[in-house]
1. Any idea of the accessible area per residue across the range 142-291, 1.4 Å probe, to the nearest Å²?
2. Kindly sort Arg258, Arg250 by accessible area of their heavy atoms, largest first, with the probe set to 1.4 Å.
3. At a 1.4 Å probe radius, which order do Ile289, Ile252 fall into by accessible area, largest first?
4. Return the sequence-ordered ³J(HN,Hα) values of the range 123-135 in whole Hz as given by the Karplus equation 6.51 cos²θ - 1.76 cosθ + 1.60 applied to θ = phi - 60°, using x for Gly and Pro.
5. Provide the solvent-accessible area of His191, counting protein heavy atoms only and rolling a 1.4 Å probe, rounded to the nearest 10 Å².
6. Between Lys214 and Arg90, what's the calculated FRET efficiency when r is the beta-carbon distance and R0 is 35 Å? Round to 0.05.
7. Divide the volume of the convex hull of the Cα atoms of the range 188-272 by its number of residues and quote the answer in cubic angstrom per residue.
8. Residue by residue through the range 289-298, what is 3J(HN,Hα) from phi via Karplus (6.51 cos²θ - 1.76 cosθ + 1.60, θ = phi - 60°)? Round to whole Hz and write x for glycine and proline.
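The values are calculated or read from the model by the stated rules, or taken from the named source; none is laboratory data. No experiment lies behind these values; they were computed from the predicted model shown. Methodologically, a virtual Cβ is constructed for each residue, glycine included, from the backbone with ideal geometry; neighbour enumeration extends over all protein chains shown. These area figures cover heavy atoms from the full protein model, side chains too; ligands, DNA and RNA do not enter into them. Shrake-Rupley method; radii C 1.70, N 1.55, O 1.52, S 1.80 Å.
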Amino acid sequence: MKNRFRIAGMIFNQPLMVTESMLDQAAAWANQQMSLNIVNLSLNGVQPQMMDDDSGPFETAAMRAESSRRQMIADIGVAIIPVHGVLVSRSMQMNPCETMTSYEQLRGQVSAALADPAVEQIAFDIDSPGGSTVGAFELADFLFEARGVKPMSAITHYSAYSAGYLIASAIGNVSMSRTSGVGSVGVIAKHMDVSARNEQMGVKVTTVYAGAHKNDLSPHEPLTDQSLKFLNDMVQGYYGQFVDSVARYRGIGADAVRSTEAGVFMGQQGIDVGFADRIETPQAAIDRIAAQAREARVSRNSKQSIGARAKAMALQTQI
């Protein structure tokens, strides 16, 4: 049985760097799983589902993906790291229908690729609506610093929105196809009020607490002015970090980033606002990166070969 309340806690009363449509879908899932009777969702009646089986084909798929990744590194010297679906701070033992990637997982994969001498370049296959603010900026700064260790590229395949774009901007060398989208540099939060449902069910929740802010954002009562200010301050604080980070990673002004007003930009529009560097298909991007990696590998092997011959000649001279 899943810990539905913990997952709901990741959806509500938290500043998120995610598209509104994805947040609405997550709220709809919580509405169905927890019988919340939320009445103001905008999903046209579509309710997402969650699987309960934690084993089986997912493990097999992960093993196949790892085998394919290792083969790709051996063949062309490129580590391709997927950044797919909703982004969360830590790995969780859950198999939702919606794909998820954790910042913790990404850091581990990047660290392994940086340490692997067979990896010439790192390419990130990004298709994400964004996700959690928690841990996002720490990972982004780590990726930004890693630029100086090995060449890295962000391939928008086909969406890099909100936290997904934060990661892409930190990686640099952002490519996108004519129909790919980037942006949504904004922060959003929703509060869940179940007081009306409780009243209909004849349930009354009495809360005893100490500390003026201990009961902020309670779902069992309408949002108070104090709670609204608290939530808004968090949203604005993370938004400022988001804008400043993208500006620094992309080398553009913070005012220019802020002026996008969390808009999304398709194809050439992404280039025009400074959020991407080139228009090309995902396959063309991989081909280009692979060619660069092969060239780097040949050049390094050639230098090693010349060095080995020089050492051999020096040894013969001594004999």
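1. Details: 7380 Å² over 150 residues.
Dividing the accessible area of the range 142-291 by its residue count gives 49 Å².
2. On the way: Arg258 95, Arg250 40 Å².
Result, largest first: Arg258, Arg250.
3. On the way: Ile289 0, Ile252 50 Å².
From most exposed to least exposed: Ile252, Ile289.
4. 10, 9, 8, 9, 8, 8, x, x, x, 6, 7, 5, x
5. 50
6. Details: r = 25 Å, r/R0 = 0.72.
Once rounded, the FRET efficiency stands at 0.85.
7. Details: hull volume 10.9 nm³, N = 85.
Taking only Cα atoms, the range 188-272 has a hull volume of 129 Å³ per residue.
8. 5, 5, 5, 5, 5, 4, 4, 5, 5, 4
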